[in-house]
Amino acid sequence: MKKLNKIITDLRIELTPFSEIHEFSSNPGIYAVGFTGDHFPFPTGEDIVKKGDIIYIGKTEKSQRSRDAQTHFKSGRTGSSTLRRSLGAILRKELNLKPIPRSYGEERMRDYKFIQESEVKLTEWMIHNLSLAFHEIIEGKRFLRDLEKTVINELEPILNIQGNSLYNLYASMLKELREKCRIIAKIEFENINK
């Protein structure tokens, strides 16, 4: 419990605007994504996310560089990033993002990404409005998986759905927003495969 409290405290204290991060860890660990903007555009109209709030918790079994720098904050990687898909679904109307299938080569449409112009808009928004903190974990994959679940349960970040649906009051709304993107992408997929 003492170690958990220290990790959570460290994640909160070490949140750094993404644009100010120059090095990423090559080790596995747990990361927190925070909000640094002035207004989080969740469609309820309520001010449910404040500046400095942790909005997403994740883990990487490889490295922070591969997960955060080369996936979450990289254009063209929405199909591999739950964080990008959730933020893109929230920002779809505001940024005029256009969902498309993650892959046209799949037998059925499984998930979505955005057209390249939309991917760039989403990345720019993330770079200007999000912060990141990372805590290296060397105790192994099982410990890391358990730790991620525990930290999500403790912090209840708004963008974590898996393992957080009971506590996240906005999970169902986020699922609906993501489903709208999936439907738009599926229509595109079906039109191409006619």
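All of the numbers you see were taken from the coordinates with simple rules; none came from a lab. Please read all numbers here as calculations on a predicted model, not as lab measurements. Glycine also receives a Cβ, built like all others from the backbone with ideal geometry; neighbour counts cover every protein chain displayed.
Computed about the Cα centre, the dipole magnitude for the stretch 2-192 is approximately 480 debye when only Lys and Arg (+1) and Asp and Glu (-1) carry charge, each at its Cβ. The share of C-alpha pairs in the stretch 4-151 whose separation exceeds 21 Å stands at 46 percent. Note on the chain: helix-only mean residue ellipticity at 222 nm, from DSSP H runs of 4+ residues weighted -39500 (n - 2.57) and normalised by residue number, equals -13000 deg cm²/dmol. With R₀ set to 25 Å, the beta-carbon distance separating Val120 from Lys149 gives a calculated FRET efficiency near 0.15. For Leu155, neighbours were defined as the other residues whose beta-carbon sits under 12 Å from its Cβ, and their charges (Lys and Arg +1, Asp and Glu -1) total -2.
Within the stretch 74-194, the ratio Rg/Rh, alpha carbon atoms throughout and Rh by Kirkwood, equals 1.01.
If you take all C-alpha pairs in the stretch 84-136, what percent of them are over 12 Å apart? Value for the stretch 84-136: 66 percent of Cα pairs lie more than 12 Å apart.
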